[in-house]
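The values are calculated or read from the model by the stated rules, or taken from the named source; none is laboratory data. Quick caveat, the model's predicted, so the values are computed rather than measured. With ideal geometry, Cβ positions are generated from the backbone for all residues, glycine too; neighbour counts draw on all protein chains shown. Surface accessibility is based on the protein's heavy atoms, side chains included, excluding ligands, DNA and RNA. Shrake-Rupley method; radii C 1.70, N 1.55, O 1.52, S 1.80 Å.
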Amino acid sequence: MGFRFQRRIRLAPGVRLNLSKRGLGLSVGPRGASLSVGARGVQAHGGIPGTGLAWRERLDRASPPGASADGGTTDGGGASGLEAHLADGGELALQLEIEASGEVRYRHADGTPMSRDEVRVLRRHAEPALRAELAAHCERLNADIERLGRLHEQTPSPDEQGYEARHFPEAPPAPLVLPEAAWWHRLWPPARQRHEAQNRQRRAAHGEAYRQWEWQKADFDAREFAREKREGEGVWQDPAAMEQTLAERLAEIDWPRETLVDFDLGEDARTIAVDIDLPGEEEMPDRLWRLPATRLRLSSRRLSATRQRKLYRDHVHGIAFRVLGAVFARLPRVEEARISGYRQVTDPATGGERDQYLFSAKVSRRQWEQIHFDRLDEVDPVQALAAFTLRRDMTRTGIFRDIEPFKLI
């Protein structure tokens, strides 16, 4: 029987894109979604089906079709114009679409497909740049697999408690420098009066901008002072301060997949129950990618079902490990955490969705402090959870069966 709490946090995945700022622009992604990089613009959205990698981010305004870095354009004329432009060292903004099969589709910056002749010209002149970007994209996709299975390695020690100061990120408006009057303003009163009026407007605008900055900084400092009091003192005695502090800490973590967390404190705030709505197994990558030495396309090798299940097993236990780390590092009053993880599965009896609990554990602070947080690369979160009071019915290869979770009683 599942349980839900009043405090729910949606933990969104982070966006990590490594994009070149100049030179040949390109995009990567499936049909209908791409990552576009040009000499004057960057835009990213979408992902590749089956990889589990997805993003949506507007980074800049894209260059117009055929625009070069110095603002010029290609001379048109299809492949011949492109040949002349690239032969002269010109730069080009374009899009590459990588389909689920690994095939690459070439488009101009406005989305217009390139002709076969244009593609041949582009490959002849820009193969090293194209290959470098495709290889980097391969590395990003494959690194996601490694990261999913090692989420626990960034878990803080329970000794890392307390407030960390943050400073207002915006600088004050630059000092105002008024333009001086020209010599002839003294000879022509209307021009002098207009110049003086313009300077008055500049002073007023600068003064308003500075006041706005001061108000924003004062508001930030007030919220920062409240956070300092909350994380330094409130977490020892105020349940509301404890809940807000934990929620903020969990939201700060760079989660690879969207995760939902419910939690509730016991009556004396020394016990906490945490319920985690885990990502589904279908959100895990199902293939490894590589760039062949002789072709400008990606090829993939599908992961075995056993490898996918083990990756999912490591990831969901890593999520529990990270959440426990946040609890014991940010809530020094909590002495025991009861943490459970579930996912949505199809009920064969009804065809509807139901919650399947995969694990549930009772973890005391004393037990948690036995972990060597300076050697987390040697810790297996699957085995770590087994060292606590645990309910889990799982095979060695990561096949889960239903369990009844612990309650906050």
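Among the residues of region 152-167, is any in a helix (DSSP H, G or I), among the acidic types (D, E), modelled with pLDDT of 85 or more and loosely packed, with under 14 Cβ neighbours inside 10 Å? Within region 152-167 (the criterion being in a helix (DSSP H, G or I), among the acidic types (D, E), modelled with pLDDT of 85 or more and loosely packed, with under 14 Cβ neighbours inside 10 Å), the answer is no, since none of the residues qualifies.
Which of the residues that make up region 82-140 are assigned to a loop (DSSP other than H, G, I, E, B) and in contact (Cβ under 8 Å) with a residue 40 or more places away in the chain? Matches in region 82-140: E91, L92, A93, E99, A100, G102, E103, A109, D110, T112. Of (1) of a type in the set (A, V, I, L, M, F, W, C); (2) within 30 Å of V177 (Cβ to Cβ); (3) touching a residue at least 40 places away in the same chain (Cβ under 8 Å), F263 satisfies all except one. Which? Only one criterion is unmet by F263, namely (2).
Among the acidic types (D, E), under 30 Å from A326 (Cβ atoms) and open to solvent by less than 60 Å² (accessible area, probe 1.4 Å), is that true of E228? Write out each step before concluding.
On the way: among the acidic types (D, E): yes; under 30 Å from A326 (Cβ atoms): yes; open to solvent by less than 60 Å² (accessible area, probe 1.4 Å): no.
So E228 does not fit the description; no.
Close contacts from region 217-242, counting a first residue that is free of Cβ contacts under 8 Å to residues at least 60 places away in the same chain and a second that is open to solvent by 60 Å² or more (accessible area, probe 1.4 Å) and not β-branched (V, I, T), with Cβ to Cβ under 7 Å and a gap of 6+ residues or different chains, come to E224/R166; R230/Q244.
Does L151 satisfy the criteria of being farther than 30 Å from W289 by Cα and of a type in the set (A, V, I, L, M, F, W, C)? In short, no. Exactly one residue out of E353, E378, E335 is assigned by the TED database to the domain that holds R131, more than 18 Å from D402 (Cα to Cα), of a type in the set (D, E) and free of Cβ contacts under 8 Å to residues at least 24 places away in the same chain: that is E378.
Against the condition open to solvent by 80 Å² or more (accessible area, probe 1.4 Å), touching a residue at least 12 places away in the same chain (Cβ under 8 Å), over 27 Å from the mean Cα position of the chain (by Cα) and in the same structural domain as P173 (by the TED database), how does R203 come out, does it pass?
Working: open to solvent by 80 Å² or more (accessible area, probe 1.4 Å): yes; touching a residue at least 12 places away in the same chain (Cβ under 8 Å): yes; over 27 Å from the mean Cα position of the chain (by Cα): yes; in the same structural domain as P173 (by the TED database): yes.
Judged against the criteria, R203 is a match.
For the residues R333, R338, the requirement of being open to solvent by less than 60 Å² (accessible area, probe 1.4 Å) and either closer than 16 Å to Q161 by Cα or polar (S, T, N, Q) (or both) singles out R333.
Okay, residues lined up against (1) outside any loop (DSSP other than H, G, I, E, B); (2) at pLDDT 90 or above:
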residue	(1), (2)
A171	no, yes
P175	no, yes
H185	yes, no
R194	yes, yes
Q198	yes, yes
W215	yes, yes
D219	yes, yes
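Residues of region 364-375 that are open to solvent by 50 Å² or more (accessible area, probe 1.4 Å) and either assigned to a helix (DSSP H, G or I) or outside the structural domain of A305 (by the TED database) (or both): R366, Q367, D374, R375. If I filter region 381-394 down to residues being in contact (Cβ under 8 Å) with a residue 12 or more places away in the chain, open to solvent by less than 60 Å² (accessible area, probe 1.4 Å) and aliphatic (A, V, I, L, M), which single residue comes out as farthest from E335 (Cα to Cα)? My answer is M394. For region 246-264, the condition of being among the small types (G, A, S), part of a helix (DSSP H, G or I) and outside the structural domain of A165 (by the TED database) holds for at least one residue. Hey, among E97, E139, E118, which residue is within 26 Å of the chain's Cα centre (by Cα), charged (D, E, K, R) and open to solvent by less than 30 Å² (accessible area, probe 1.4 Å)? Residue meeting the stated conditions: E97. A251 falls short on exactly one of the conditions (1) open to solvent by 40 Å² or more (accessible area, probe 1.4 Å); (2) more than 30 Å from E404 (Cβ to Cβ), and that condition is (2).
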